Amino acid sequence: MRIGIGYDSHRLVEGRKLILGGVDIPHEKGLLGHSDGDALCHAVTDALIGALGEGDIGKHFPDTDPQWKGVSSILLLKHIAERVKERGFEIAWIDSIIIAERPKIGPHIDSMKHALSAAGIPPACVSIKAKTNEGMGFAGRGEGIAVHAVCLLVQSSL
Ligand code: MG
């Protein structure tokens, strides 16, 4: 049995789509990043990598590598979810918290859970929660969005 923790934050800027959990959320700003800036996928990916004890997301997908430029972070997550299986584990549970002042995330949570299934993570294994930061700090001022995630891996029964 393994646990992992992941954290990510990205800056909100004009001229970018807001992609979270693989879902395009209507907003006047989007997350800046080498990939699509999907902080939820990145935090979950980092939690899985941490549970495997195999470094971090930057080691697996360096932002200096043109291969990952503009790529959907669902693909990065899929890549690592497959690695979890290869290492003899399965994902028992993922819990996460998105910290965003705006836009309202709640109405998009079901879509995100569904979108994560494209990475091989069943919606029944994922919890996504959302909250504001009560106006405090970078997330509270709407300068960026932060995500925390934890995961539990269990030895595969195969
Ligand atoms: Mg990131």
Which residue fluctuates most in the GNM of the chain (Cα springs below 10 Å): His148, His114, His27? His27
About the Cα centre of the stretch 19-59, how large is the charge dipole given +1 on each Lys and Arg Cβ and -1 on each Asp and Glu Cβ? Please answer in debye to the nearest 20. 60
Taking every Cα atom in the stretch 80-158, find the radius of gyration and the maximum pairwise distance Dmax, and write them in Å. 14.9, 48
According to the square roots a ≥ b ≥ c of the eigenvalues of the Cα gyration tensor, what is the shape class of the chain, taking rounded for a/c under 1.5, prolate for a/b larger than b/c otherwise, and oblate for the remainder? prolate
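Per the Kirkwood formula on distinct C-alpha pairs, the Rh of the stretch 92-134 is how many angstrom?
Evaluated on the stretch 92-134, it is 10.9 Å.
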Report the extension gain between Asp24 and Ser127 in nm, rounded to one decimal, defined as 0.36 nm multiplied by the number of residues separating them, less their alpha carbon distance. 35.2 nm
Given +1 on the Cβ of Lys and Arg, -1 on the Cβ of Asp and Glu, and no further charges, what dipole in debye does the stretch 42-100 carry about its Cα centre, rounded to the nearest 20? 120
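With every protein chain present, what is the per residue accessible area of the stretch 1-117 (1.4 Å probe, Å²)?
Result: 50 Å² per residue.
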Sequence gap at least 6, Cα distance under 8 Å: using those rules, report the relative contact order of the stretch 1-120 to the nearest whole percent. 27
Surface accessible to a 1.4 Å probe, Arg141 within the full protein complex, Å²: 150
Once a ≥ b ≥ c are taken as the square roots of the eigenvalues of the Cα gyration tensor of the stretch 111-152, is the result rounded (a/c under 1.5), prolate (a/b larger than b/c) or oblate (a/b not larger than b/c)? prolate
Per-peptide average of other Cβ atoms within 10 Å, ordering 63-70, 38-45, 98-105 highest first: 38-45, 98-105, 63-70
Among Ile98, Ala115, Thr45, whose Cα lies farthest out toward the positive end of the dipole of the stretch 13-124, if unit charges sit on the beta carbon of Lys, Arg (+1) and Asp, Glu (-1)? Ala115
Cα-centred dipole magnitude for the chain, charges only on beta-carbon of K, R (+1) and D, E (-1), debye, nearest 20: 160
Lysines with Cα under 29 Å of Lys104, excluding same-chain neighbours fewer than 8 positions away: Lys17, Lys29, Lys69, Lys78, Lys113, Lys129, Lys131
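The values are calculated or read from the model by the stated rules, or taken from the named source; none is laboratory data. Bear in mind that the values here come from a model prediction, so they are computed numbers and not experimental data. Here Cβ is always computed from backbone atoms with ideal geometry, including for glycine, and neighbour counts include all displayed protein chains. Areas reflect the complete protein model, heavy atoms only, side chains present, ligands, DNA and RNA absent. Shrake-Rupley method; radii C 1.70, N 1.55, O 1.52, S 1.80 Å.
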